[in-house]
Amino acid sequence: MEIERKYLVKRLPECFSQYTCLEIEQAYLNREPVIRIRKQNEDYILTYKGSGMMVREEYNLPLDKVSYEHLKEKADGKIIRKKRYIIPIQDGLKVELDIFEGAHQGIVLAEVEFPDKAACDAFQPLDWFGEDVTMKEEYHNSNMSR
């Protein structure tokens with residue numbers, strides 16, 4: 001189960017570049033349900049996501065490079081490219097700071113995943129977070145790839 005909130009970013013946090021950075025390329029094979037392939041540095045992943053905006057099922061399966069490249073040719077829409085910085089915050093939570101490139105350059109989003117719905121509901125956004133766009137479909141990567 002994935003429980004997350006997504007925010008626009010008002011300003012980049014100081015020293016964000018000191019944190020782990022993942023170079024991500026992802027493409028969508030289907031949107032309902034979401035079936036996505038992702039290259040994350042040198043790892044390749046096939047993901048299934050159920051319906052929902054803030055709480056939904058998510059399953060990740062490993063792929064190899066050959067399978068990823070084969071499936072990428074079948075992508076529906078634009079390929080998403082972004083750099084993701086993993087920033088630890090309070091209570092063992094992490095912010096995934098996504099700085100988009102290519103067709104989506106200029107978009108910066110922060111996602112926080114939670115262990116349960118109560119933690120999600122109690123979360124107070126950080127001062128560098130902007131609008132909560134969790135429920136706005138246009139900020140879900142599967143829709144951004146259209």
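The values are calculated or read from the model by the stated rules, or taken from the named source; none is laboratory data. Fair warning: this is a prediction, and the values are worked out from it, not measured in the lab. Counting neighbours? That spans all protein chains shown, and the Cβs are built from the backbone with ideal geometry, glycine included.
So here's what we get for this one:
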{"item": "Some residue of the stretch 26-42 being assigned to a loop (DSSP other than H, G, I, E, B), within 15 Å of the chain's Cα centre (by Cα) and hydrophobic (A, V, I, L, M, F, W, C)", "result": "no"}
{"item": "Any hit, the stretch 13-20, residues being closer than 17 Å to LYS94 by Cβ, within 13 Å of the chain's Cα centre (by Cα) and either touching a residue at least 24 places away in the same chain (Cβ under 8 Å) or surrounded by 15 or more Cβ atoms within 10 Å (Cβ to Cβ) (or both)", "result": "no"}
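Table: residues versus (1) at pLDDT below 95; (2) surrounded by 14 or more Cβ atoms within 10 Å (Cβ to Cβ).
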| residue | (1), (2) |
| --- | --- |
| MET54 | yes, yes |
| TYR59 | no, no |
| SER67 | no, no |
| HIS70 | no, no |
| LYS74 | no, no |
| ILE79 | no, yes |
| TYR85 | no, yes |
| GLN90 | yes, no |
| LEU97 | no, yes |
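Okay, residues lined up against (1) hydrophobic (A, V, I, L, M, F, W, C); (2) touching a Phe, Trp or Tyr at 6+ places or on another chain (Cβ under 8 Å); (3) touching a residue at least 40 places away in the same chain (Cβ under 8 Å); (4) on the phi < 0 side of the Ramachandran plot:
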| site | (1), (2), (3), (4) |
| --- | --- |
| GLY50 | no, no, no, yes |
| TYR59 | no, yes, no, yes |
| LYS65 | no, yes, no, yes |
| GLU69 | no, no, no, yes |
| ILE80 | yes, yes, yes, yes |
| ILE86 | yes, yes, yes, yes |
| GLU96 | no, yes, no, yes |
| GLU101 | no, no, no, yes |
